[in-house]
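To start, the structure under review is shown below, and the notes come after it.
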Amino acid sequence: MSHVVVISGHPNLEKSWTNKIILQQLDQQVESIDIRYLDQQYPDYKIDIEAEQNALIKADIIILQYPYYWYSVPALLKKWIDDVFEFNFAYGPEGDKLKNKHFILSFTIGGPKESYDPLGHNHFTIEQLSHPMQQLAYLSGMIYQPPVYTHRMVYIPGVYNTQEGVETRARDHAVRLLSKIDDLVNAFA
């Protein structure tokens, strides 16, 4: 049986409309899963490196779940990566602990799809902006999977989107992510 480790990088999951739904769906539907809620475990940003590395060692599939902040991951998730992906753990002469694990980025984006285009407001595609995380996977020997992401995932009452709309998109996002997990698990069988 394949084991999935999800790193929840939302800085305040209680206030999330979308990441919370996605994580709930994963928790309910994935048989062997460990969801690491960074905002609850490390509100002081003091990462237990050994515990996190041990969780990753047990994984067959590693998923980073987060809201897209300034074209990247939130600060707590970045700190987690910086601390946990150490020399001789994730890379270096003895850094083979993540080798051949499947790596999936799963994130929610506030802006519309058309703004992430060379002619759009943000000038770059999501695929281009994801290259640093893709390189993280390659350097660590992981098997990079195409990311799962959804646009228009921010809800500001009376201003931007509807609660029902973002919650529907979050459930759809979870279905796509679960399908990707199922495909990988079935490939292992």
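Remarks
- Scanning segment 153-188 for residues that are surrounded by 14 or more Cβ atoms within 10 Å (Cβ to Cβ), in a loop (DSSP other than H, G, I, E, B) and among the aliphatic types (A, V, I, L, M) turns up Met153, Val154.
- Residues (farther than 13 Å from Lys20 by Cα and of a type outside the set (Val, Ile, Thr)) located in segment 173-189: Arg176, Leu177, Leu178, Ser179, Lys180, Asp182, Asp183, Leu184, Asn186, Ala187, Phe188, Ala189
- Verdict on Glu94 being of a type in the set (Asp, Glu), within 30 Å of Phe188 (Cβ to Cβ), out of contact with any helix residue (DSSP H, G or I) (no Cβ under 7 Å at 6 or more places or on another chain) and loosely packed, with under 14 Cβ neighbours inside 10 Å: yes
- Taking each residue of segment 39-58 that is outside any loop (DSSP other than H, G, I, E, B) and looking for partners that are loosely packed, with under 14 Cβ neighbours inside 10 Å with beta-carbon atoms closer than 6 Å, six or more apart or interchain, yields Asp39/Asn12.
- Qualifying residue in segment 107-122 (condition: within 30 Å of Glu31 (Cβ to Cβ) and of a type in the set (A, V, I, L, M, F, W, C)): yes
- Flag for Ile109 being surrounded by 19 or more Cβ atoms within 10 Å (Cβ to Cβ), within 15 Å of Gln145 (Cα to Cα) and either at pLDDT 95 or above or among the charged types (D, E, K, R) (or both): no
- Failed condition for Lys78, given (1) in contact (Cβ under 8 Å) with a residue 12 or more places away in the chain; (2) touching a strand residue (DSSP E or B) at 6+ places or on another chain (Cβ under 9 Å); (3) in a helix (DSSP H, G or I); (4) within 21 Å of Leu38 (Cα to Cα): (1)
- Filtering Asp117, Asp83 for residues that are in a helix (DSSP H, G or I), charged (D, E, K, R) and on the phi < 0 side of the Ramachandran plot leaves a single hit, Asp83.
- Only residues that are in contact (Cβ under 8 Å) with a residue 24 or more places away in the chain, closer than 20 Å to Trp70 by Cβ and outside any loop (DSSP other than H, G, I, E, B) were counted in segment 128-147, giving 4.
- Considering only residues in segment 8-26 that are of a type in the set (A, V, I, L, M) and farther than 14 Å from Tyr68 by Cα, the one that is surrounded by the most Cβ atoms within 10 Å (Cβ to Cβ) turns out to be Ile22.
The values are calculated or read from the model by the stated rules, or taken from the named source; none is laboratory data. Only a predicted model underlies this, so the values are computations on that prediction, with no experimental measurement involved. Glycine also receives a Cβ, built like all others from the backbone with ideal geometry; neighbour counts cover every protein chain displayed.
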